[in-house]
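The values are calculated or read from the model by the stated rules, or taken from the named source; none is laboratory data. Remember, predicted model here, so these are calculated numbers, not experimental data. FYI the Cβ positions are ideal-geometry reconstructions off the backbone, even for glycines, and counts take in every protein chain you see.
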Amino acid sequence: MLEPRVEYVLRLADGALLLGQRLSELCGHGPVLEEDIATTNIALDCIGQARLLLALAGRLEGQGRDEDRLAFLRNEGEYRNPTLLELPNGDFGRVVLRTFLYSSFLDVLWPALQTSTDADLAAIAAKSAKETRYHREHTADWVIRLGDGTDESHRRMRDALDALWPYTAELFSKDYVDDAVTRDGFGVAWATLRDPWLRSVEAVLAEATLARPPDTPFLSRGKTGVHTEHLGHLLAPMQHLQRSHPGAKW
Amino acid sequence: MSTQEWPLWEVFVRSRNGLDHKHCGSVHAPDPKLALQMARDVYTRRQEGVSLWVVRSDHIVASDPDAKPELFDPAADKIYRHPTFYRLPDEVDHM
């Protein structure tokens, strides 16, 4: 078990890294050229955030692990991302919905972390808040257009929402990590962000004519290192080069 | 989703130190809001600008290329329209 501050930062770092990796899979496969570039821009923002956060986690850990070692030389069980971010992309509707749900969460988290007692985390939050606000804006527009679009686009968005919504519960589940980091003002307990997140998400869902799915007892556990079978398949191509040629440079 | 259904928009970017918006290209987008976002993502990725305009391409009224002789050629021999023949007083520098 890692120190709570390291756990806390890794949850954010790994979430950013995996969302960036998932969105990168779509580079060259966007529905239109412009959206292809937009999606790739978001992916690059996520990877940029992941680098800063992984580097911070490594410094906090103090074991000499840098961002590359953390990204490329950990196995599934050492990843701390919420499960939502490791799920396969699915269709375009599901892609924009995932980014919308998660960036809506970060959109309320980053401002709160700007007052962290850790200057590095506060600075990362300030930089990332601007990027995330745009990710949310862009994907919210798509959720509305597709939800309130044709019969087929509406049906697909409803399917996407039904599939992804259960995984949002994990974002707001509370454990010892939240308790520990809130005590000294390092972090914010994610559970306290559920109400502002719901307000932000529900406004868009309403405009998209999508009903919010009922909450269920299902709770994914990616944050604690318990992952779906999808994560290994994501890490394999991502880590292959560093695993096969350790320390490779070009 | 078919790109044929999306109208074309002309993109104008004002650079950091520029005073005017300059035409830099075009994007396809379903509506004004997404047109601005697409323009942002395609044309300002490398800090090219601080302000964006988009306008539907079919809202631009363009001169007919075939009308070039009557529209523009007559200006060619009217050099007196250039202000180069006026002698400026010494006090007026930097014109």
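Annotations
- Residues of region A:114-137 classified as over 16 Å from the mean Cα position of the chain (by Cα) and crowded, with 18+ Cβ neighbours inside 10 Å, total: 3
- All conditions but one from (1) within 14 Å of chain B (Cβ to nearest Cβ); (2) surrounded by fewer than 17 Cβ atoms within 10 Å (Cβ to Cβ) apply to A:G28; the one that does not is (1).
- Output for region A:20-47, where each listed residue is closer than 20 Å to B:V27 by Cβ and not in a helix (DSSP H, G or I): A:L26, A:C27, A:G28, A:H29, A:G30, A:P31, A:V32
- Remark: pairs (first residue in region A:136-151, closer than 11 Å to A:V204 by Cβ and part of a helix (DSSP H, G or I); second residue among the β-branched types (V, I, T) and at pLDDT 95 or above; Cβ separation under 7 Å; 6+ apart in sequence or on different chains) = A:T139/A:V96; A:T139/A:T99; A:A140/A:V204; A:W142/A:V96; A:V143/A:V96; A:V143/A:V204; A:I144/A:V204; A:G147/A:T209.
- Selection within region A:228-242 - more than 15 Å from A:N81 (Cβ to Cβ) and hydrophobic (A, V, I, L, M, F, W, C): A:A236, A:L241
- Counting the residues of region B:23-54 that are within 12 Å of another protein chain (Cβ to nearest Cβ) and either over 16 Å from the mean Cα position of the chain (by Cα) or surrounded by 15 or more Cβ atoms within 10 Å (Cβ to Cβ) (or both) gives 22.
- Test: B:V11 is away from every other protein chain (no Cβ under 11 Å), aliphatic (A, V, I, L, M) and either closer than 23 Å to A:R145 by Cβ or within 19 Å of the chain's Cα centre (by Cα) (or both): no
- Among the residues of region A:174-202, the ones that are polar (S, T, N, Q) and over 19 Å from A:P4 (Cα atoms) come to 1 in all.
Okay, residues lined up against (1) assigned to a helix (DSSP H, G or I); (2) over 30 Å from A:A43 (Cα atoms):
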site	(1), (2)
B:V55	no, no
B:A62	no, yes
B:E70	yes, yes
B:P74	yes, yes
B:E91	no, yes
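- Restricting region A:31-44 to residues that are surrounded by fewer than 18 Cβ atoms within 10 Å (Cβ to Cβ) and in contact (Cβ under 8 Å) with a residue 12 or more places away in the chain leaves a set whose member that is nearest to the other protein chains (Cβ to nearest Cβ) is A:P31.
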